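Undergrad: Quick one: the structure is below, questions incoming.
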Amino acid sequence: MLNDKLKSLVESVPKKVCGVYYLYNDKSNIIYIGKSIDIRKRLIQHFKSTEKKEIKLQHFTSSIIIEDTGNELIALLRESELIKQHLPIFNRAQRKVKFFYGIYQSKTAENYSALTIKKIEPNKNELLSFTSLIEAKNFLYSVTENYFLCQKINGLYKTNSSCFQYNLNECFGACINKEEPKKYNKRVKSFIQSIQLPKNDFLFELKGKSDNEKGIVLIEKGVYGYANKNRSIS
């Protein structure tokens, strides 16, 4: 259960907004910056967590500001830029140089593609690397939700039966062998392709903040830029 303060903060955030969020303390200092495809859901995860860092975050958070980016890729780029700019105290793990955890792809005995978190292994290629376990978990939770994957298969939910998300219709039953591995693995492949940047210059056109906008991400000579653009402008 959320206390009255946290419940009020969550209820002030619109549902199903994809973007970046800022958490402030009572002195109006930014203490944490994050991103999510559904900011309200992500805040509930923060505020219901019993992990030590999250409990501190709950205690010091006094206000929230959100920034709608329209799509996850721009949210990810925006979050990275803002963290480097503001260096919030609760984002310290993301300021480390060394990466200790990675997301690896493997196959289960039932032939489902699993995305699991492990400590970085020098002789193996991780899909993505992270400075802390909680950072890796938060990202994998977001990916699992966004691509309708299974928390059980991805090592985020321990159970001998179906995962909790299956009861919410956010998992199609891979945890109980109900969904065909081929269909499930197609979504995993889609995620992996989404994080592989092109070798050449590339322009992404993505979902915007509204039907009248589109998101633009340009990668040129290894440098990226992003913006939201009115669809009526050519």
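Undergrad: Which of the GluC sites (Glu not before Pro) found in segment 1-96 are loop residues per DSSP with 15 or fewer other Cβ atoms within 10 Å of their Cβ?
TA: Those satisfying the criteria are 51.
Undergrad: Same structure, new question: May I ask which of 53/118; 52/189; 41/189; 124/214; 41/124; 16/56 have a Cα-Cα span longer than 29 Å here?
TA: 52/189; 124/214; 41/124
Undergrad: Assuming a ≥ b ≥ c are the square roots of the Cα gyration tensor eigenvalues, decide whether segment 1-90 counts as rounded (a/c under 1.5), prolate (otherwise, with a/b larger than b/c) or oblate.
TA: oblate
Undergrad: Considering the options 125, 159, 144, tell which one lies farthest towards the positive end of the dipole of segment 120-162, charges being +1 on Lys and Arg and -1 on Asp and Glu at the Cβ, about the Cα centre.
TA: 159
Undergrad: Less than 17 Å apart at the alpha-carbon level, and either on another chain or at least 8 residues along: which aspartates and glutamates does that give for residue 35?
TA: Within the straight-line limit of under 17 Å, residue 35 reaches these aspartates and glutamates: 54, 67, 68, 72, 79, 81, 135, 145.
Undergrad: Which of the three applies to segment 88-158, rounded, prolate or oblate, going by the alpha-carbon gyration tensor with a ≥ b ≥ c and a/c under 1.5 meaning rounded?
TA: Oblate, since a/c reaches 1.5 and b/c is not below a/b.
Undergrad: Here is a further query. Let a ≥ b ≥ c be the square roots of the eigenvalues of the Cα gyration tensor of segment 1-158; is it rounded (a/c under 1.5), or, if not, prolate (a/b larger than b/c) or oblate?
TA: The shape class here is prolate.
Undergrad: Tell me the trypsin sites (Lys or Arg not before Pro) within segment 86-173 that lie in a loop according to DSSP and have at most 13 other beta-carbon atoms within 10 Å.
TA: Here the trypsin sites (Lys or Arg not before Pro) that fit, given the DSSP loop and packing criteria, are 96, 98, 124, 158.
Undergrad: Could you put 46, 86, 59 in order of accessible surface area, largest first, with the 1.4 Å probe and the full protein assembly present?
TA: 59, 86, 46
The values are calculated or read from the model by the stated rules, or taken from the named source; none is laboratory data. Quantities reported herein were computed from a predicted structural model and do not represent experimental measurements. Note that we place each Cβ from the backbone using ideal geometry, even for glycine, and neighbour counts take in every protein chain shown. Calculation scope for accessible area: heavy atoms of the full protein, side chains included, ligands and nucleic acids excluded. Shrake-Rupley method; radii C 1.70, N 1.55, O 1.52, S 1.80 Å.
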